[in-house]
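Right, one structure below, let's go through it.
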Amino acid sequence: MIQQLVILGATGDLTARYLLPALGALRTAGHLDEGFGLTGVGREDWTDETFRTWAAEQLDRHAPGVPAEQRRAVATAARYRRADVTDADALAAAIPRDEPVAAYLALPPSIFPATASALHAAGTAKGSTIVLEKPFGESLHDAVELNRLLSELYEERSIYRVDHFVAMATVLNLLGVRLANRVLEPIWSSSHIERIDIIWDESLALEGRAGYYDGVGALKDMLQNHLLQLLCLVAMEPPISLGERDLRDRKVDVLRSIRPLTLDDAARRTRRARYSAGACVPAYVDEPGVDPAHHTETFAELLLEVDNWRWRGTVFRLRTAKAVRVNRHEIAVHFRAVPHLPFGEGVTAEPNVLRFGLEPETVSLHLTGTSTHADGLVPLTLAATPAPGALPPYGRLLLNVLKGDTALSIRADEAEESWRVVTPVLEAWAKDLVPLEEYPAGSEGPAPR
């Protein structure tokens, strides 16, 4: 197990909100011992003590559930080196070189290539790994070129392209429900399932992220990576094992099976919008740091079809939105209606829905039954709340990185196939074939068509 984690870009929001709390959770669970070390690398002119104080403050703020002793231990184990992450000589002086390290690029994607090249030139011990946070490039061309470069520098098994959605406890529970219950497999197909909704709606608005978000938008920020990952896990064929090759092979099969969208398809089967003023939130275009000329969307929706034997005829609806009325984070499996109801005229039944709540973590099955207190049919819901995971998603990802388990890492071909799915959409939107709608902040989103 790797005992040295190096975070390049260590003074940013990703480290503060996710990586440090993940380390705290790992230490609390007994996965990190006294030999573990953390090196933060950044441009700020900080000392070790400055970084440790900052890390302790971030742990207190973002990981209050981690025992104070463990928070102190994570901060105490940290050291800091000032360096230009694209300079090989500077990195060589900053990072440990006498034992394997996991180098986490908590950086903008635009400097991944330069940083990966500098890290390789700096030299790391045998068994070291490189970790790249999504998005993997900013277009299909970028992803192909980044993968080409990485393949020249590192073995694929040493490259971790991480997406924390794949490590969420409920996402992993989705695999358990799908693959460990015989009752679902016979009906897990287009013969019985009409539509699958994969939704990530947020009541939060921009929250000061204009510097990143205005150059990316909802499609690249959420659908191209997170929601397509969820689609893969919902739609894939049962793998032989959850090992790194079997699981990732089946996910790539799904991406390759998604029916390519033409420009006309993109115009008919996609939507984009941005929020206007409402609910004490300014219009997106009036948020600090936003350039209205970018036409950045805060709502994106795609209707996709998986062109294989199992799923031909089922619609997969991927949707994300910011600044809507309520948070809605779920995968909803909508079954087809029954062919006949023998309960007399006027009696109807809503089709069954199996819902996986992602935040908070829930599982519910919506059925129809009868009641002695009412005539006809009534809704019947079976619900459960899984026990919370022992580790947060980033904790699970970091543990896999340190242990050398690539099962939850995104393989090179998978990253490229994800971009191929959305490239026609990006082209259609760039040509204004899909209008940029508006919806009031605090509403349900754009009005249904």
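The values are calculated or read from the model by the stated rules, or taken from the named source; none is laboratory data. Please read all numbers here as calculations on a predicted model, not as lab measurements. Because the Cβ atoms are built from the backbone with ideal geometry, glycine has one as well, and the counts that use them run over all protein chains shown. Keep in mind that these areas ignore ligands, DNA and RNA; they rest on the heavy atoms of the full protein, side chains included. Shrake-Rupley method; radii C 1.70, N 1.55, O 1.52, S 1.80 Å.
Measuring nothing but protein heavy atoms, the accessible surface of the chain at 1.4 Å probe radius is 52 percent carbon and sulfur.
In order along region 396-407, the Karplus-derived 3J(HN,Hα) couplings, from 6.51 cos²θ - 1.76 cosθ + 1.60 at θ = phi - 60°, round to 5, 5, 5, 4, 4, 4, 5, 8, x, 9, 9, 4 Hz, and Gly and Pro are given as x.
Evaluating 6.51 cos²θ - 1.76 cosθ + 1.60 at θ = phi - 60° for every residue in region 376-381, the Karplus couplings come out as x, 9, 9, x, 9, 10 Hz, glycine and proline recorded as x. Pairing the Cα long axis of helix 140-153 with the longest principal axis of the chain, what angle in degrees results, from 0 to 90 and rounded to the nearest 10? With both axes taken from Cα atoms, the answer is about 40 degrees.
Taking every alpha-carbon pair under 8 Å whose residues sit at least 6 apart, the chain reaches a relative contact order of 19 percent. Take each peptide in 164-175, 40-51, count the other Cβ atoms within 10 Å of every residue, and average; sorted highest first, the result is 164-175, 40-51. Taking the average, over residues, of other Cβ atoms within 10 Å as the packing measure, peptides 188-199, 381-392, 131-142 rank 131-142, 188-199, 381-392 from highest down.
Remark: for residue pairs 220/403; 134/220; 126/251; 126/403; 134/431, the C-alpha separation exceeds 20 Å in 220/403; 126/251; 134/431. In region 265-315, taking the dipole from charged Cβ atoms about the Cα centre, the farthest positive-side position among 309, 270, 296 is held by 309.
Mean residue ellipticity at 222 nm, helices only, the chain: -9500 deg cm²/dmol; runs of at least 4 DSSP H residues each add -39,500 (n - 2.57), and the sum is divided by the number of residues.
For region 145-230, report the translational diffusion coefficient in µm²/s to the nearest whole number, using Stokes-Einstein at 4 °C, 1.567 mPa s, and a Kirkwood Rh over Cα pairs. Don't skip to the answer; put the middle values down first.
Values: Rh = 16.6 Å.
Answer from the Stokes-Einstein relation: 78 µm²/s.
What is the Cα convex hull volume of region 376-449 when expressed per residue in Å³?
Cα convex hull per residue, to the nearest whole number: 276 Å³.
Over all projection directions, the Cα-based convex hull of region 67-222 averages an area of 14.5 nm². Straightening the chain between residue 380 and residue 432 buys 14.3 nm, computed as 0.36 nm per residue apart minus the Cα-Cα spacing.
With all protein chains kept in place, the per residue accessible area of the chain amounts to 45 square angstrom at a probe of 1.4 angstrom. One compactness figure for the chain is 1.04, namely its Cα radius of gyration divided by 2.2 N^0.38 Å. Each label point was placed 7 Å from the Cα along the Cα-to-Cβ direction; for residue 279 and residue 110 their separation is 3.1 nm.
Over region 348-418, calculate the relative contact order: mean separation of alpha carbon pairs under 8 Å at least 6 apart, over the residue count, as a percent.
Averaging sequence separation for qualifying contacts and normalising by length gives 20 percent for region 348-418.
Between the helical axis of 112-122 and the longest alpha-carbon principal axis of the chain there is an angle of about 30 degrees. Extending 7 Å from the Cα toward the beta-carbon at both residue 92 and residue 209 defines two label points whose distance is 3.8 nm.
For the chain, the longest principal axis of the C-alpha atoms and the axis of helix 244-257 are separated by about 50°.
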